[in-house]
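*Asks:* The structure is given below, and queries will be raised subsequently.
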Amino acid sequence: MDVTTNIKPGNALDVARIRQDFPLLSRKMNGKPIVFLDSAASSQKPEKVIDAISEYYRAQHANVHRGVYQLSQDATTAFEAVREKVRDFINAPASEEVIFVRGVTEGINLVASSFGRKFLREGDEVLITAMEHHSNIVPWQMICEEKGASLKVAPINEAGELIMEEFERLLSDRTRLVAATHVSNTLGTINPIREMVQMAHAKGIPVLVDGAQAAPHMKVDVQELDADFYTFSGHKVFGPTGIGVLYGRAKWLNAMPPYHGGGEMIKTVTFEKTTYAGLPHKFEAGTPDIAGVIGLGAAIDYVLEIGQDAITQYENQLLAYATERLKEVEGIRFIGTARNKASVASFLVEGIHPYDLGAILDKMGIAVRTGHHCTQPLMDWYGIPGTVRASLAFYNTTEDIDRLVEGVKKAVAMLR
Ligand code: PLP
């Protein structure tokens, strides 16, 4: 591919038009038109999502699953329709296997706590990878400590790819669960989840997949992956904050105890004993984030309208363009050079602290993330304090990349 030309001819996405759907992208930051390159932290929202939430509060709001009156029933219907939409979005076998949570962090904590309480014993092991986000490390550490189990870590190579032989070797008789990210938020590495699941299942071990950085960029099919748990956050797929999804195989969810106790998750309550509701309600105690669910539904509609294959293809081209252009920066070192990558360019420039670079880019209206990206053990492994991370979404353009590269060059000249 010729990455020196602008990605327009033959591109399936009309990005100029798409950008008009995102009100925030037309604002300025520090007096300059914003270049938003931090979508891995949280993506911007299209008008359709903002409007759906506003419309819900204006005209449809009532608590769900409770009222006999029409308004509540309509709210319940709209809420449950999104569950079905999510089921279809990730190709889950049944909508009762779709649990609404606050985001990936809560999804993983739910499984760690509930699965861990039921299935982890002293001497057992949980296997993660060296590239996990803190939210796929700390919940496992907490439950392992409580249960006397231990956390094992599958290593990576210098490019930031999982070493599959090591991963397979670490699947032992004591491994009770594998928890791995689909796409690394710091490196952009796409893990071979299907193969990892096959290896784990060959030993009867279930697998949880952290889909935080995959769901915004590619079609996810939990049946094709054969994942036992898959979780993603609404705010990274162009939906609202505070809402996310945990898919779990019914076989496991039915065997796991509830995570939170309260209203909605019960069948009967007496002071002596409570019996629990079936799926998915067993895991959805209390009033849910109804507006968040409605907004998530609008976000999924929006992504599907644009087309997931077109998104993946466009972002791959844009990432290749960004990588080529960034090579012009003298002293640049890429962190994360896996063969299979998605939408993240993480780098350092020799002799310059990432934070200083980020602060100067900010003055130029360029929003990138600097630091450890909630992957401190990964930074320790590379022996670096952090990186500058430019993360892409389908609303980014080659002009954004050009401004980033020119900005980095200028900042480097100032700081050297
Ligand atoms: N896992 C990965 C790979 C992430 O990138 C993130 C957020 O950046 C999370 C988990 C946590 O997601 P949330 O903060 O939406 O719960």
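The values are calculated or read from the model by the stated rules, or taken from the named source; none is laboratory data. Remember, predicted model here, so these are calculated numbers, not experimental data. Cβ sites come from the backbone with ideal geometry, for glycine too, and all protein chains shown count toward neighbours. Heads up: the accessible areas ignore ligands, DNA and RNA and are worked out on the full protein's heavy atoms, side chains in. Shrake-Rupley method; radii C 1.70, N 1.55, O 1.52, S 1.80 Å.
*Asks:* Residues in region 195-203: is at least one open to solvent by 10 Å² or more (accessible area, probe 1.4 Å), under 18 Å from the mean Cα position of the chain (by Cα) and modelled with pLDDT of 95 or more?
*Replies:* Taking region 195-203 and keeping what is open to solvent by 10 Å² or more (accessible area, probe 1.4 Å), we get 195, 198-199, 201-203.
Filter once more, keeping what is under 18 Å from the mean Cα position of the chain (by Cα): none.
The answer is no; no qualifying residue exists.
*Asks:* Mind checking whether some residue in region 308-326 is among the charged types (D, E, K, R) and without any contact (Cβ under 8 Å) to a residue 60 or more places away in the chain? Let's see the steps before the verdict.
*Replies:* Within region 308-326, the subset among the charged types (D, E, K, R) is 309, 315, 324-325.
Next, only the ones that are without any contact (Cβ under 8 Å) to a residue 60 or more places away in the chain stay: none.
Scanning region 308-326, I find no residue that is among the charged types (D, E, K, R) and without any contact (Cβ under 8 Å) to a residue 60 or more places away in the chain, so the answer is no.
*Asks:* Could you run through region 241-259 and say how many residues are surrounded by 15 or more Cβ atoms within 10 Å (Cβ to Cβ) and either at positive phi or more than 16 Å from the ligand (Cβ to nearest atom) (or both)?
*Replies:* Initially, region 241-259 is screened for residues surrounded by 15 or more Cβ atoms within 10 Å (Cβ to Cβ), giving 241-250, 252-253, 256, 258-259.
Subset that is either at positive phi or more than 16 Å from the ligand (Cβ to nearest atom) (or both): 242, 248-250, 252-253, 256, 258.
Total meeting the criteria: 8.
*Asks:* Can you say whether Arg58 is open to solvent by 70 Å² or more (accessible area, probe 1.4 Å) and either farther than 30 Å from Glu145 by Cβ or under 21 Å from the mean Cα position of the chain (by Cα) (or both), as far as the supplied structure shows? Even if it seems obvious, please write down each step before you answer.
*Replies:* On the way: open to solvent by 70 Å² or more (accessible area, probe 1.4 Å): yes; either farther than 30 Å from Glu145 by Cβ or under 21 Å from the mean Cα position of the chain (by Cα) (or both): yes.
In short, yes.
*Asks:* Within region 292-308, can one find any residue that is away from the ligand (no atom under 16 Å from the Cβ), at pLDDT 95 or above, part of a strand (DSSP E or B) and loosely packed, with under 15 Cβ neighbours inside 10 Å?
*Replies:* No: region 292-308 contains no residue that is away from the ligand (no atom under 16 Å from the Cβ), at pLDDT 95 or above, part of a strand (DSSP E or B) and loosely packed, with under 15 Cβ neighbours inside 10 Å.
*Asks:* Of all residues in region 313-341, which are part of a helix (DSSP H, G or I) and open to solvent by less than 50 Å² (accessible area, probe 1.4 Å)? Talk me through it step by step, then tell me what you get.
*Replies:* First pass over region 313-341, keeping only residues part of a helix (DSSP H, G or I): 313-326.
Answer for region 313-341, where residues must be part of a helix (DSSP H, G or I) and open to solvent by less than 50 Å² (accessible area, probe 1.4 Å): Tyr314, Glu315, Gln317, Leu318, Leu319, Ala320, Tyr321, Ala322, Thr323, Arg325, Leu326.
*Asks:* Something else: Is it true that some residue in region 27-48 is touching a residue at least 24 places away in the same chain (Cβ under 8 Å), in a helix (DSSP H, G or I) and within 16 Å of the ligand (Cβ to nearest atom)? If you could, list the steps in order and put the result at the bottom.
*Replies:* As a first pass, look at region 27-48 and keep what is touching a residue at least 24 places away in the same chain (Cβ under 8 Å): 28-48.
So of that shortlist, the ones also in a helix (DSSP H, G or I) come out as 47-48.
Subsequent filtering for residues that are within 16 Å of the ligand (Cβ to nearest atom) retains none.
No.
*Asks:* Let me ask something additional. Would you tally the residues in region 342-395 being open to solvent by 20 Å² or more (accessible area, probe 1.4 Å), among the small types (Gly, Ala, Ser) and at negative phi?
*Replies:* 1
*Asks:* For region 102-137, what are the residues that are near the ligand (Cβ under 9 Å from one of its atoms), closer than 20 Å to Glu264 by Cβ and open to solvent by less than 20 Å² (accessible area, probe 1.4 Å)?
*Replies:* Within region 102-137, Gly103, Gly107 qualify.
*Asks:* Report, by residue number, each residue of region 234-265 that is in contact with a Phe, Trp or Tyr (Cβ under 8 Å, 6 or more places away or on another chain) and either at pLDDT below 95 or among the charged types (D, E, K, R) (or both).
*Replies:* Answer for region 234-265, where residues must be in contact with a Phe, Trp or Tyr (Cβ under 8 Å, 6 or more places away or on another chain) and either at pLDDT below 95 or among the charged types (D, E, K, R) (or both): just Arg249.
*Asks:* Tally time: how many residues in region 138-173 are open to solvent by less than 20 Å² (accessible area, probe 1.4 Å) and farther than 18 Å from Asn340 by Cβ?
*Replies:* 6
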